[in-house]
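The values are calculated or read from the model by the stated rules, or taken from the named source; none is laboratory data. Note that this is a predicted model, so its numbers are computed, not measured. Ideal geometry is used to build each Cβ from the backbone, glycine not excepted, and the neighbour counts take in all protein chains shown.
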Amino acid sequence: MTLLIALAKLCVSNRLLISTDISWNIYENLLSYLGNSPYFKVIYHRGTLQIMSPSSRHKIYKKMLGMLVENYCLETGIRFYPLGSTTLKSQDKLKGIEPDQCYCIGSKKKIPNLAIEVVITSGGIQTLEIYQGLGVSEVWFWQNGKLQVFFLENSESLQKNNSQLLPNLDLDLLVSYLDRDDPFDAIWDFKERSKKEEERRKK
């Protein structure tokens, strides 16, 4: 009952619930209890558990980023396998996370090589270390209108100016479409622009 009350409060406040000294079994049981609920995002790192209730703004940016990436790949002929917010976890490393979006770029893999995080609420667990430990090659963080890219090299996540998996993607251009008034027009315009850029690049 205490957990239900806490989760209900999270839905209303769009805030974080952080608990320490949480065992892996409790984390696993919580995942089973919540199922695939879109109302909560669960992160686990070495005994620290974080539960967040994403706001509608968070969900809009998450969806838009995913659609922009997918349309870019479609127009440029890059194969991708969308895994959405699939839970990534390792009991051996005591790490677990639900990306806002994640993909296998190029071919299917056990672990996606691209994860995208929308950061609206500050504080909480630093997720880059989790992705690094799980072996996710590239992670994007969108926060305050800017996109930061980190790429895994020699077991260390290094910040990059552009995507290493999608090197021809203009990230500044992509970000500029996130705040367009009409999502349909934004996606369509970006899709057409990506197609023209790819045609010009191949000439």
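Please go through the range 88-134 and pick out each residue that is in contact with an Asp or Glu (Cβ under 9 Å, 6 or more places away or on another chain) and either surrounded by fewer than 14 Cβ atoms within 10 Å (Cβ to Cβ) or charged (D, E, K, R) (or both).
K89, Q91, K95, D100, E117, listed by residue number.
Does L31 satisfy the criteria of being hydrophobic (A, V, I, L, M, F, W, C), part of a helix (DSSP H, G or I) and touching a helix residue (DSSP H, G or I) at 6+ places or on another chain (Cβ under 8 Å)?
Against the criterion (hydrophobic (A, V, I, L, M, F, W, C), part of a helix (DSSP H, G or I) and touching a helix residue (DSSP H, G or I) at 6+ places or on another chain (Cβ under 8 Å)), L31 does not qualify.
Yes or no, residue by residue, for (1) aliphatic (A, V, I, L, M); (2) within 24 Å of R46 (Cα to Cα); (3) not in a helix (DSSP H, G or I):
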{"site": "E129", "(1), (2), (3)": "no, yes, no"}
{"site": "Q132", "(1), (2), (3)": "no, yes, no"}
{"site": "V149", "(1), (2), (3)": "yes, no, yes"}
{"site": "L166", "(1), (2), (3)": "yes, no, yes"}
{"site": "L173", "(1), (2), (3)": "yes, no, no"}
{"site": "F184", "(1), (2), (3)": "no, no, no"}
{"site": "I187", "(1), (2), (3)": "yes, no, no"}
{"site": "S194", "(1), (2), (3)": "no, no, no"}
{"site": "E198", "(1), (2), (3)": "no, no, no"}
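What are the residues in the range 75-120 that are outside any strand (DSSP E or B), in contact with a Lys or Arg (Cβ under 7 Å, 6 or more places away or on another chain) and either closer than 22 Å to L49 by Cβ or touching a residue at least 60 places away in the same chain (Cβ under 8 Å) (or both), if any?
Hits for the range 75-120 are E75, L94, E98, D100, I120.
Check T121 against each of (1) among the polar types (S, T, N, Q); (2) at pLDDT 95 or above; (3) under 24 Å from I26 (Cβ atoms) and name the one condition it does not meet.
Among (1) among the polar types (S, T, N, Q); (2) at pLDDT 95 or above; (3) under 24 Å from I26 (Cβ atoms), T121 violates only (2).
Collect the residues in the range 171-190 that are without any contact (Cβ under 8 Å) to a residue 24 or more places away in the chain and either surrounded by 18 or more Cβ atoms within 10 Å (Cβ to Cβ) or within 15 Å of M67 (Cα to Cα) (or both), keeping them in residue-number order.
Matches in the range 171-190: L173, S176, R180, D182, F184, D185, W188, D189.
Which numbered condition in (1) in contact with a Lys or Arg (Cβ under 8 Å, 6 or more places away or on another chain); (2) at pLDDT 95 or above is the only one that E70 fails?
Unmet for E70, out of (1) in contact with a Lys or Arg (Cβ under 8 Å, 6 or more places away or on another chain); (2) at pLDDT 95 or above: (1).
Counting only residues that are touching a strand residue (DSSP E or B) at 6+ places or on another chain (Cβ under 9 Å) and either surrounded by fewer than 16 Cβ atoms within 10 Å (Cβ to Cβ) or of a type outside the set (K, R) (or both), which one in the range 37-46 is nearest to E129 (Cα to Cα)?
H45
Cβ-Cβ distance below 8 Å, separation of 6 or more or different chains: which pairs start in the range 153-168 with a residue that is under 16 Å from A115 (Cα atoms) and in contact (Cβ under 8 Å) with a residue 40 or more places away in the chain and end on one that is surrounded by 15 or more Cβ atoms within 10 Å (Cβ to Cβ) and among the hydroxyl-bearing types (S, T, Y)?
Once the first residue is under 16 Å from A115 (Cα atoms) and in contact (Cβ under 8 Å) with a residue 40 or more places away in the chain and sits in the range 153-168, its partners that are surrounded by 15 or more Cβ atoms within 10 Å (Cβ to Cβ) and among the hydroxyl-bearing types (S, T, Y) give L165/S137; L166/Y72.
Can you name the condition, by its number, that N14 falls short on among (1) in contact with a strand residue (DSSP E or B) (Cβ under 9 Å, 6 or more places away or on another chain); (2) at pLDDT 85 or above?
The one condition N14 does not meet is (2).
Taking only the range 47-65 into account, find how many residues are within 23 Å of I130 (Cα to Cα) and surrounded by fewer than 18 Cβ atoms within 10 Å (Cβ to Cβ).
5
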